[in-house]
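Input: one structure, supplied below.
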Amino acid sequence: MTETTQGLALPRRHIAAATIGNALDFYDFAIYATFAIQIGNAFFPAANPYQRLMLSLFGYGVGFVTRPVGGWFIGRYADRVGRKGAMVFTLTLTGLAVMALALVPTYARIGIWAPVLVLAIRLVQGFALGAEVGSASSFLLEASAPKDRGLSVAWQGASQGIAGALGAAVGYFLALYLSPADFDAYGWRVAFLLGGLALPFGLVLRMALPETLNTVEMRPAASTAPASFGLVLASWRIILIGAIVFSTRTVGTYVFSYITTYAQSTLHMAVSVSVAASVVSGGCVAIGVLIGGVLSDRIGRRPVMLWPNLVFLLATYPAFYWIVATRSTLALWLGVAVLSLLNAIPAGGFYTAFTESLPKHIRGTTLSLTYAITIAIFGATTQPAVTWLIQTTGNKLSPAWYLIVATALSQFAMMAIPESAPAKRLT
């Protein structure tokens, strides 16, 4: 990528290449969330369904442990050598892990080795995904014209929604066309293998990407640890704010990803209706993030972050109350659609604002680590915590209260983020 190409619109194939790794991550998560009950039955023996579900959710959460490690090592590579090589490496490991999980024999066949293999695969996958968001978001920002940065970086968040909707749709059609016995026995394996098809396609796209590390924005080439450390210290405020917002937004992401399991296990709604709710949620997330990205380029990052987030905060309890009180298909789908859209719009401003505010010399590592650490804590614990709260308190509105607390914290944190949109800073 040269200085002359930065004024041009970012090619669609470059956007697809940069976002396919994050999309595969959320497709994998959507499949795991959709089939959490079946995966628990296959790999994690326990005395009752609640314990099997909890073991299944913790089995997924183990992968978050290695994300900060990958964020550091691969993020440093992205800042020192290049974004492209880091993105190729992360996609390769992630794709292989998704396919490997589909092939692990059940506990009934190989005993304790089944959960051991599942946990090992999640650890490898977590290591790779630790630097995926940082490397890809850095590329999208650096490859885009300043006036289009919000929309370009928003595709990273939109890819999560699209992949989540696609994963849930795969689960929906499998539930529709497979018998209950086949759905439980191997439906989830088919879904994971379909996700693995993204690997060769994604590698072809990523291998053709230009490199954006050594552009005019790059700081002096003398890359020393003290210099990097000094930049981190100088940026401590935005890093801390970003960590808080990432933490709270992760809670929202994983509560909505939990909606299929929640609708089935807590509200006792039909599998097809429950899975379809995740399709609706993913589609609305994709639309909301892109709306936020476009608006942030036009009116600034701060208004896009603050006002929709406040409306989401006020709408969360009434929407969940309606869903729980009626347990109707309309309430579930419409409630989830409205909340997912409102929750996604601020992300279109935040992703760009945070990435834009970090010095390029430390952008890959800092963004990767901030995201990896926060998602390791809150991505791994949100669904088990919500499940435990429902079981312990007997309150079916526990997800709503969890969301309300997180959203209130994010509102205060986003108020402290300075405006970073180039068009607004020049006015």
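The values are calculated or read from the model by the stated rules, or taken from the named source; none is laboratory data. Bear in mind the structure is a predicted one, so any value in this text is a computation, not a measurement. Here the Cβ is made from the backbone with ideal geometry for all residues, glycine too, and neighbour counts use every protein chain on show. The area values use the complete protein model at the heavy-atom level, side chains included, leaving out ligands, DNA and RNA. Shrake-Rupley method; radii C 1.70, N 1.55, O 1.52, S 1.80 Å.
Determine whether the stretch 377-390 contains at least one residue that is over 26 Å from Val62 (Cα atoms), more than 20 Å from the chain's Cα centre (by Cα) and open to solvent by 10 Å² or more (accessible area, probe 1.4 Å).
Scanning the stretch 377-390, I find no residue that is over 26 Å from Val62 (Cα atoms), more than 20 Å from the chain's Cα centre (by Cα) and open to solvent by 10 Å² or more (accessible area, probe 1.4 Å), so the answer is no.
Tell me yes or no: at least one residue of the stretch 328-339 is at pLDDT below 95 and crowded, with 24+ Cβ neighbours inside 10 Å.
No, every residue in the stretch 328-339 fails to be at pLDDT below 95 and crowded, with 24+ Cβ neighbours inside 10 Å.
If a residue must be out of contact with any Phe, Trp or Tyr (no Cβ under 7 Å at 6 or more places or on another chain) and over 30 Å from Gly364 (Cβ atoms), how many such residues does the stretch 20-41 contain?
5
Return the only residue of Arg363, Arg327 being over 16 Å from the mean Cα position of the chain (by Cα) and on the phi > 0 side of the Ramachandran plot.
Step by step, each of Arg363, Arg327 is checked, and only Arg327 is over 16 Å from the mean Cα position of the chain (by Cα) and on the phi > 0 side of the Ramachandran plot.
OK, next. Looking at the structure I just gave you, is Ile287 free of Cβ contacts under 8 Å to residues at least 60 places away in the same chain, open to solvent by 40 Å² or more (accessible area, probe 1.4 Å) and out of contact with any strand residue (DSSP E or B) (no Cβ under 6 Å at 6 or more places or on another chain)?
no
While we're looking at this one, here's another question. Among what's in the stretch 304-331 and is free of Cβ contacts under 8 Å to residues at least 12 places away in the same chain and not aliphatic (A, V, I, L, M), pick the residue that is nearest to Gln411 (Cα to Cα).
Out of the qualifying residues, it is Trp307.
Report the residue count in the stretch 340-368 for those that are out of contact with any Lys or Arg (no Cβ under 9 Å at 6 or more places or on another chain) and open to solvent by 10 Å² or more (accessible area, probe 1.4 Å).
6
Using the structure shown, decide if Leu334 is within 30 Å of Leu140 (Cβ to Cβ) and either in a helix (DSSP H, G or I) or touching a residue at least 40 places away in the same chain (Cβ under 8 Å) (or both).
no
Would you mind finding the one in Pro68, Pro49 that is in contact (Cβ under 8 Å) with a residue 12 or more places away in the chain and open to solvent by 40 Å² or more (accessible area, probe 1.4 Å)?
Pro49
In the stretch 185-204, what count of residues is obtained for those that are under 26 Å from the mean Cα position of the chain (by Cα) and open to solvent by 50 Å² or more (accessible area, probe 1.4 Å)?
8
Got a number for residues in the stretch 398-418 being crowded, with 19+ Cβ neighbours inside 10 Å and not in a helix (DSSP H, G or I)?
Result for the stretch 398-418: 1.
Are there helices (runs of 4 or more DSSP H) fully within the stretch 81-143 with at least 2 residues that are over 16 Å from the mean Cα position of the chain (by Cα) and surrounded by fewer than 24 Cβ atoms within 10 Å (Cβ to Cβ)? List them.
So the answer is 83-103, 107-110, 113-129.
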